[in-house]
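Here, each number is a calculation from the coordinates, and none is a lab measurement. Just so we're clear, the structure is a prediction, and the values are computed from it rather than from any experiment. As a convention, Cβ positions derive from the backbone with ideal geometry for all residues, glycine included, and neighbour counts pool all protein chains shown.
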Amino acid sequence: MARNLILSGGPFHDFDATSAALAEVLAEVGVESDITEDIAGALGEPSEYQLITVNALRWRMGLDRFADLRDQWGFSLPAQARTTLLDHLDRGGGLLCMHAASICFDDWQGWPRVLGGCWTWPKSHHPPLGWTSVRVHGSHPIVEGLRDFSVVDEVYSDLDVLPDVRPLASADGQPLVWARPVRRGRVVYDALGHDTRSYDNEIHRTLLQRAAQWALKNPV
């Protein structure tokens, strides 16, 4: 059984519920998850996990509109945590990044190069939470044979995405899911997952299970 560390927590989302839902989805394919909100502490030493998942919203909160939340939620990723993530990928580990992970760790210039893109203030945005029609693309093992589906979610829009990223799923022309090799490891980003309704859709659940298996270099 593969072991997965879910880095969780942050404002504006029920991360307790979505991290628990994600852990349950992955358990169905033999991935056992531990969940923590202590991101700096969890990454303060070399990882013994085969998969690390970022399901969090932790960034510096530099804009004035977040000033009242900054003392509680403002976050800078320590240098040791960055090293732990890069060493994890160097050892061939997998990285699964959900939803607000594209906003996280904005003090680390290398994070967008790891993830494949990032949220950029004030350009990036999302329409109100609601029904979203997701279109599946291509023959990548994560999405091969899956049909388009609809979920209640947010469509992150106008992210800064690296030129080599090829979306595996999109909505309204916005790339939502992609997968890429990084160093000796594999990274998957899924911009869906605002709340637990996103995890209720069977196709999305299958996509996530395949994403974890692909990131772990297991048969999909």
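Determine, for 75, 15, 149, the number of other Cβ atoms within 10 Å of each Cβ, and report the residues in order from fewest to most. Please report the intermediate quantities before stating the final value.
Numbers: 75 21, 15 26, 149 17.
So the ranking, lowest neighbour count to highest, is 149, 75, 15.
Would you mind ranking 119, 73 so that the residue whose beta carbon has the fewest other beta carbons within 10 Å leads the list?
73, 119
Report the normalised scattering of segment 2-215 as log10 I(q)/I(0) at q = 0.12, 0.14, 0.16, 0.18 Å⁻¹, calculated by the Debye formula with identical scatterers on the alpha carbons.
-0.56, -0.79, -1.07, -1.42
How big, in percent, is the set of alpha carbon pairs in segment 1-80 lying more than 19 Å apart?
Considering segment 1-80, 42 percent of its Cα-Cα pairs are separated by more than 19 Å.
Taking only Cα atoms of segment 72-176, what ratio of Rg to Rh do you get with Rh as the Kirkwood inverse-distance radius? Don't jump to the answer; show the numbers that get you there.
Details: Rg = 15.3 Å, Rh = 15.4 Å.
Using only Cα positions, Rg/Rh for segment 72-176 is 0.99.
Can you check what the net charge comes to around residue 218, using other residues whose Cβ is under 11 Å from the Cβ of residue 218 (Lys, Arg +1; Asp, Glu -1)?
Details: positive: 186, 210, 217; negative: none.
Charge balance near residue 218 sits at +3.
To the nearest Å, what is the center-to-center distance of segment 155-220 and segment 24-83, using C-alpha atoms only?
So the separation of the two Cα centres works out to 18 Å.
Under 5 Å between amide hydrogens, which residues at least 5 positions from residue 33 or on another chain qualify, with H placed 1.01 Å from N in the peptide plane?
The answer is 4.
Hey, fewest Cβ within 10 Å first, where do 165, 134 land in order?
165, 134
Which one, 14, 68, 195, has the greatest fluctuation when you compute a Gaussian network model over the chain with C-alpha springs under 10 angstrom?
Most flexible of the set in this elastic network: 68.
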